[in-house]
Each structure stands twice: as structure tokens, then as C-alpha cells.
1. Among Val244, Val113, Val235, whose mean-square fluctuation peaks in a Gaussian network model of the chain (Cα, cutoff 10 Å)?
2. Given +1 on the Cβ of Lys and Arg, -1 on the Cβ of Asp and Glu, and no further charges, what dipole in debye does segment 167-234 carry about its Cα centre, rounded to the nearest 20?
3. Can you give the log10 of the normalised intensity I(q)/I(0) at q = 0.15, 0.19 Å⁻¹, computed with Debye over equal Cα scatterers of segment 243-343?
4. Show me the ranking of peptides 10-19, 169-178 by mean Cβ neighbours inside 10 Å, starting with the highest.
5. When each pair of different Cα atoms in segment 167-234 is counted once in the 1/r mean, what is the Kirkwood radius in angstroms, to one decimal?
6. Convex hull volume of the Cα atoms in segment 123-242, per residue, in Å³?
7. Describe numerically, in nm with one decimal, the distance between label points set 7 Å from Cα along Cα→Cβ at Thr138 and at Lys188.
8. By how many nm would the segment from Tyr50 to Glu125 lengthen if fully extended, with 0.36 nm per residue of separation less the alpha-carbon distance?
Amino acid sequence: MTEESPRKIIHIDMDCFYAAIEVRDHPELRGKPVAVGGSSGRGVLTTANYEARKFGCRSAMPAFKALRQCPSLIIMPVRFGVYRAESQQIRAIFAKYTGLIEPLSLDEAYLDVSHWRSSGESVAEEIRAEIRETTGLTASAGIAPNKLLAKIASDWNKPDGQFEVKSDSVEGFMADLPVRKLWGVGAKTAERLLKAGIETCGDVQNHALTELHRRFGRFGTALYHLSRGRDDRPVQPSRERKSVSNERTYSEDITCFEESVPKLQALWEELCDDLAKHKDRSIKSAFVKLKFNDFRHTTVERQTSAPEWKLYESLLQDGWQRSNTRHVRLLGAGVRFRSQEEASELEQLTLFEENLESLSGGI
Ligand code: TTP
Ligand code: MG
């Protein structure tokens, strides 16, 4: 019997993507600490280059804090259009190597290159070289038999490097890895696991499958496999969009419902414009998001296929009921879509019901 050969999955992630583009386009910034984001009082950084990271500047950090830590930091305004165009160019390079591309964000994607005769490592080298030649930007890559490992590995030799996890070294590679790095393990879950004495994947490996299942249910079973670096998920070429939304942080806190209505209405109008591009999708629900001045947020959601303004207004009212006198600093309005599968099931069901009706009508 021949054993199936392992898949060759590459995870590519551009290095400090937005900041690298800004430095490339403004050569006078080379070698200086640079971030991209809003520099006004409430601005946050989307990312920072490696020079700025030495001072602790990070994605999602408020600009005032970053400037306190690194007074010479240069904060460039965000140019989404440029980043999107760059991302398209990078995806066009991927497409020369494989049809199996699963983008995760503008600067990140999984590629399945199992059909290549050459090693995954050399394909990754080639792709990175081509990205550098075409765009002048550097990328890092992880090469492994599955997505889980490839994504972890792409961080190993960042920036401008790559790392391969070979099939026979998987369990060892995973042993020291914090469980927090696993797909689906967030801060809360990691905390729960820590209480059970589990901090690394090696700790999980010491527990039997039955015990993990008893303690954590289905998640325990997944954990058992993930901690051993096992992951069968295929590279899925077209990940469909699950939702569309608009949100905005205001320079001054909103103190009451009445004041927030016209602001939400403006967001809702933009949302309706955006939805025009997604006419092929079926809407499942509408939601309104509020972030309070203690940075906690809440989302109020209701099922609907028609995202009408009155509904958003009433969701907003429900949101304010959770405010407990807190003021609001951010508002968001959005819709969630049915997956293509759900949408076609619903279509079948509707057809079925219509048929039943016409049958009973005929009796
Ligand atoms: P990342 O790949 O997470 O970060 P990065 O490419 O800047 O740096 P690294 O070298 O560590 O990969 O995100 C890609 C881009 O997405 C990033 O350049 C800016 C944007 N971004 C945000 O706008 N907000 C965020 O919170 C994060 C994490 C990223
Ligand atoms: Mg990146």
C-alpha cells in the first residue's frame, strides 16, 4: 500500500504591510520608525514598521501612546486604495503558482502547492522573490503539511524569511507552542485552559482524548488533534464574505440616544450604498454595534432580509438600554449574509412550500 504524500501548504504574510508600502513610496522614511494610522487625539495605529516595534509600537495602539513611547515616530495617513491595489498584484503572483489560493486578509493567504514537483521551500522562495521584484516589498512564508502549521511557521523567521515544518517533526514543533496560538483559542479559552494546568500544546499532548472530551466537549477533541499539529482543513479558494458593516469612532463621545440617531443614519446610508455591490447575496440579519467610553462594546442583532432604517433605529435604542449611563464613542451598522449553502437550502424550502400551497390550493 502506498502512503499518501503530505500536502504542501504555504502561508504567506507580508511584512508590516501598510508601513512597508509607505516607506517604499517615501524613501526618505527608510530606517526611521514609521507607523500608519490616525495621528489625531483618538487615532490608532493600523501597524508599525520594525524600527517602531523596537519601541513597543503595535497595531491597534492609540497614536498618543505610541508617540509617548517613541517621540520620533512618523505616523502616515492610511491609503486603503493603494494597499488594495498592492494586494491584488500579490494575488496575481500567487495565481501563477496555484489555483488554490485562500486569502485571509489583504496581506495574507494560504496556497496549496501540492501539485508541484519541487519542494514547498523552493516554491515559497520563488514566490517571495517575485513579490520582492514586482512590488519592492518583502514577504514571509511558512511551509507545512497543513494550514495550522503553515500559519504558525510563517511567523518563525519574520521579516523576510521562511520556515518549513516537516511532517516528521510536527509533534516536537508543537510541544513548546502556547495553546493561545492555536486556531480557535482566544484569550478567555486560554485562561480556562491555564486553570486546568494547560499552557502549551505539549501540556495538551499529555492528556488522553477521552479526558479532554469529558472536560471540554467537542472543543476538547479538536484541541487533542490541533495540539498534535493535525489539521485536515482544505485550502478554500473563495472564502465568502460573511458580513458588511460600517463603523466610526467619534472625536467626542455621544451622550444620548437622540444625538446618536442622525449619526447612525449616516452610517446606515453608507451601508445601503455598499450593499448595492452585494446584490447577489441573501441577507440574514441586521446589527448595530456600540462601543462605550469604557471601551466595552455591545452588538444588537435581529433577523431580517430587509435592512430598513426603522429596524436600525430600534436596534440602536436597544443598544442604549445596555449603556448604564455610559457614553458612546463608536457606532457601527451592518448586515450578515446567509452562506451560499444556506441561501440555496432556503430557496429549495421556499420552492417546496410554494409547491405545497399550489397543491392544496388545487384541492
Ligand atoms: P498583519 O499581517 O497582522 O501585520 P503587518 O503585516 O503590519 O506586520 P507583520 O510583519 O507582523 O505581518 O496585518 C496586515 C495589515 O493589516 C497591516 O499592515 C495593517 C492592517 N491591520 C490593521 O489595520 N489593524 C490591525 O489591528 C492589524 C493587526 C492589521
Ligand atoms: Mg503581515
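1. Checking each option, the largest mean-square fluctuation is seen for Val244.
2. Working: 11 positive and 9 negative charges, 84 e Å.
In total the dipole reaches around 400 debye.
3. These q points yield log10 I(q)/I(0) values of -0.56, -0.85.
4. Details: 10-19: 24.7, 169-178: 15.4.
Peptide ranking by packing, descending: 10-19, 169-178.
5. Values: mean 1/r = 0.0843 Å⁻¹.
After inverting the mean inverse Cα-Cα distance, the result is 11.9 Å.
6. Working: hull volume 16.6 nm³, N = 120.
Expressed per residue, the convex hull around the Cα atoms of segment 123-242 is 138 Å³.
7. Once both label points are built, they end up 3.9 nm from each other.
8. Values: separation 75, 0.36 × 75 = 27.00 nm, distance 2.18 nm.
This chain segment gains 24.8 nm when fully extended.
Read the figures in this text as sums done on the coordinates, not as results from a lab. Please read these numbers as outputs of a predicted model, since none were measured by experiment. Cβ sites come from the backbone with ideal geometry, for glycine too, and all protein chains shown count toward neighbours.
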